[in-house]
Amino acid sequence: MKIVDEPLKGLYVLEPTVFEDERGYFFESYNQNKFHELGITHNFLQDNQSLSVPKNVLRGLHFQKPPHAQAKLIRAIVGAVHDVVVDIRKGSPNYGEHFGIELSAKNKLFLFIPEGFAHGFETLEDNSLFNYKCSSMYNKDSEGGILWNDKDLAINWNSKNPILSEKDKVNPKFKDFESEFVYKSI
């Protein structure tokens, strides 16, 4: 596993070491020692998996507020997603900026998202299976969200009419959001 990009401070795009032959492939999707060597020392406590049957399902932008904030290690197992994060850490040089990347079964990329980022993804293929490890347990009272299509964020989603949950249709705009996250320089 190696870090191939750090588009926003603390946010890492990771590429596994893949062993392929005529039978298929093998790679370690998680090895705590190797992640610690990369400086990712979070202890992951919960795994989540999401299947979106039709393409153009959009989930997000979500986060867990402190003290239940979550770092995430995410990847697409089947299909493909357009994954987006927004820096919501007060004092961050990238506050309010977003980053998007395609994660797919084909490219096998991972994204490590530290605490203090809102996260969302949109499926690019039918039957996309998405997995994420979380550093903290889910807490319903700590749920937070930002409106997926907020014009101030100017996120370029693939679909102009995605399939959304009722909750995601009414998240607050970024300008109306009061972040509880504080940027800590490393």
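Among the residues of the stretch 33-63, which ones are within 18 Å of ASP83 (Cβ to Cβ), among the polar types (S, T, N, Q) and surrounded by 13 or more Cβ atoms within 10 Å (Cβ to Cβ)? ASN48, SER50, SER52, ASN56, listed by residue number.
Do we have any residue at all in the stretch 21-41 that's part of a loop (DSSP other than H, G, I, E, B), of a type outside the set (S, T, N, Q), touching a helix residue (DSSP H, G or I) at 6+ places or on another chain (Cβ under 6 Å) and more than 18 Å from LEU129 (Cα to Cα)? No, the stretch 21-41 contains no residue that is part of a loop (DSSP other than H, G, I, E, B), of a type outside the set (S, T, N, Q), touching a helix residue (DSSP H, G or I) at 6+ places or on another chain (Cβ under 6 Å) and more than 18 Å from LEU129 (Cα to Cα). Of the strands (runs of 3 or more DSSP E) lying entirely inside the stretch 111-186, the ones with 1 or more residues being surrounded by fewer than 19 Cβ atoms within 10 Å (Cβ to Cβ) and out of contact with any Lys or Arg (no Cβ under 6 Å at 6 or more places or on another chain) are found at 128-134, 143-145. Pairs linking a residue in the stretch 91-113 that is under 19 Å from ASP150 (Cβ atoms) and free of Cβ contacts under 8 Å to residues at least 60 places away in the same chain to a residue that is crowded, with 17+ Cβ neighbours inside 10 Å and among the hydroxyl-bearing types (Ser, Thr, Tyr), with Cβ atoms under 7 Å and 6 or more positions apart or on different chains, do not occur.
So which of PRO54, PRO114 ends up being within 23 Å of PHE174 (Cα to Cα), modelled with pLDDT of 95 or more and either small (Gly, Ala, Ser) or touching a strand residue (DSSP E or B) at 6+ places or on another chain (Cβ under 9 Å) (or both)? Quick ask: steps written out before the conclusion?
Numbers: PRO54 fails: within 23 Å of PHE174 (Cα to Cα).
Exactly one residue qualifies, and that residue is PRO114.
The set of residues in the stretch 93-110 that are in a loop (DSSP other than H, G, I, E, B) and small (Gly, Ala, Ser) comprises GLY96, ALA105.
Note on the stretch 26-46: residues that are more than 24 Å from ARG89 (Cα to Cα) and in contact (Cβ under 8 Å) with a residue 40 or more places away in the chain amount to 3.
Within the stretch 57-92, work out how many residues are within 28 Å of TYR183 (Cβ to Cβ) and either in a strand (DSSP E or B) or at pLDDT below 95 (or both). Going through the stretch 57-92 one residue at a time, the tally reaches 20. Mind checking whether some residue in the stretch 90-108 is hydrophobic (A, V, I, L, M, F, W, C) and touching a helix residue (DSSP H, G or I) at 6+ places or on another chain (Cβ under 9 Å)? No: zero hits.
For (1) aromatic (Phe, Trp, Tyr); (2) farther than 12 Å from HIS62 by Cα; (3) over 17 Å from the mean Cα position of the chain (by Cα), each residue gets a yes or a no:
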{"residue": "TYR95", "(1), (2), (3)": "yes, yes, no"}
{"residue": "GLU102", "(1), (2), (3)": "no, yes, no"}
{"residue": "ASN107", "(1), (2), (3)": "no, yes, no"}
{"residue": "HIS119", "(1), (2), (3)": "no, no, no"}
{"residue": "TYR132", "(1), (2), (3)": "yes, yes, no"}
{"residue": "SER136", "(1), (2), (3)": "no, yes, no"}
{"residue": "PHE181", "(1), (2), (3)": "yes, yes, no"}
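The values are calculated or read from the model by the stated rules, or taken from the named source; none is laboratory data. Because the structure is a prediction, the values reported are computed rather than measured. Positions of Cβ are backbone-derived with ideal geometry, glycine not excepted, and every protein chain shown enters the neighbour counts.
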